[in-house]
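Heads up, the thing below is written out as structure tokens.
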Amino acid sequence: MRSSPVSSQGLQVGFYDSNCPDAEDIVRSTVEQYYNRDATVAPALLRLHFHDCFVQGCDASVLISGPSSERTAPQNTGLRGFEVIDDAKSQLEAVCPGVVSCADILALAARDSVDLTGGPSWSVQLGRRDGRVSSASGASALPSPADPVSVQKQKFAAQGLSDKDLVTLVGAHTIGQTECQFFSYRLSNFTATGNPDPSISQAFLPQLRALCPPNGDPRRTVALDKDSPGAFDVSFFKNVRDGNAVLESDQRLWSDAGRRAEVRGEHPGAVRAPVQLRVPQGHGEDGRSRGEDRRAGRGPEALLQNQLKKRPARPG
Ligand code: HEM
């Protein structure tokens, strides 16, 4: 996916082979180490990369903290895994200072997370530059669970992604979890009808209600794929087919005729395998230094104050 624009931006597989040959191994071993302690870090890292890429391209802007930064936007509620990226960056700085971008670490960590959970693996094109612009308002490019399919399609199209890419990428919800607050409105008085969302299966509704009761904790987490939240497999698409998707946006993939065909994949009655998953590989136009240090407390937060007043010069 997205290979031609990527090449023109100068990304390439093996980008660090000569100046930081262990870069990919270091990221991999760091992700593995955290994953072995807490497997829920894998979905967190995949989501982190996706949220980075949808706002100004994959430029690690999501890591920048500070007032009104992208990270503070409501769309980025619940993002996790920052400490894994920080740790990998520390190790990389020790062996090749100022070489490997945080945006590339995010892209590698997402690939490794999918691989560790049993999904496909792929070669990551590298050489992204870290951007310095991060504003909460930019996060409006991200999809919301209550977006109608038409809006989801528009938001993906704005990233150069097709309707087919939308279905493939949302298949990432085969791993991970969501807080009750993102879907409990479906469980009663949905769209002020007094009834629950009719697209939720009769068997699944009481399960969701038990997990997220009225006046319960809105931050309680529920698996996005009820059958195997830790495995990157086809059960998410089966759930969509059977009315067992948790988020409204996921379930809507089945109510839209075109998207339903995509969920089915090649064979009627079947569901697609999420094997083609690739998060877009591009980087932000405003990307700068590859080796910028944005570990907690060391990032370019100060730059945020001036970021929109002055665009940094392009590197030579
Ligand atoms: C229409 C598009 C999408 C919407 C509306 C959406 C929405 C959400 C929401 C509301 C959550 C729960 C967040 C929380 O409770 O903290 C979530 C989790 C997640 N999303 Fe998406 N998402 C979309 C597409 C994607 C894509 C394209 C990817 C990656 C390729 C992705 C990967 C994930 C993962 C892995 C999780 C679980 C995170 C965790 O367990 O920490 N999502 N998404």
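The values are calculated or read from the model by the stated rules, or taken from the named source; none is laboratory data. The structure displayed is predicted, hence computed values, not measured ones. Positions of Cβ are backbone-derived with ideal geometry, glycine not excepted, and every protein chain shown enters the neighbour counts. What goes into the accessible areas is simple: the full protein's heavy atoms, side chains included, and nothing from ligands, DNA or RNA. Shrake-Rupley method; radii C 1.70, N 1.55, O 1.52, S 1.80 Å.
Using alpha carbons only, what's the Rg to Rh ratio of region 87-245 with Rh from Kirkwood? Before the final figure, lay out the partial values.
Values: Rg = 18.9 Å, Rh = 18.4 Å.
Value, to two decimals: 1.03.
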Quiz prompt | region 124-197-region 62-112 distance, computed between alpha-carbon centres (Å) | solution = 20
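May I ask you to derive the FRET efficiency for Asp242 and Arg37 from their Cβ-Cβ distance with R0 = 25 Å, giving the value to the nearest 0.05?
Working: r = 33 Å, r/R0 = 1.33.
Efficiency computed from Cβ-Cβ geometry: 0.15.
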Quiz item: Cβ under 12 Å from Thr221's Cβ, Thr221 left aside: what net charge do those residues give with Lys, Arg +1 and Asp, Glu -1?
Solution: +1
Quiz item: With all protein chains present, how much of the accessible area of region 94-135 (probe radius 1.4 Å) comes from carbon and sulfur, to the nearest whole percent?
Solution: 44
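Trypsin sites (Lys or Arg not before Pro), restricted to region 80-175: which are DSSP loop and have at most 16 other Cβ atoms within 10 Å? Let's see the in-between values first.
Values: sites: Arg80, Lys89, Arg111, Arg128, Arg129, Arg132, Lys153, Lys155, Lys164; in loops: Arg80, Arg128, Arg129, Arg132.
Sparse-neighbourhood loop trypsin sites (Lys or Arg not before Pro): Arg80.
For Arg220 and Ser150, what is the calculated FRET efficiency with R₀ set at 25 Å and r taken between the beta-carbons, to the nearest 0.05?
E(calc), rounded to 0.05, equals 0.25.
Test of the criteria: in region 212-250, which trypsin sites (Lys or Arg not before Pro) are in a DSSP loop and have at most 13 other Cβ atoms within 10 angstrom of their Cβ?
Arg219
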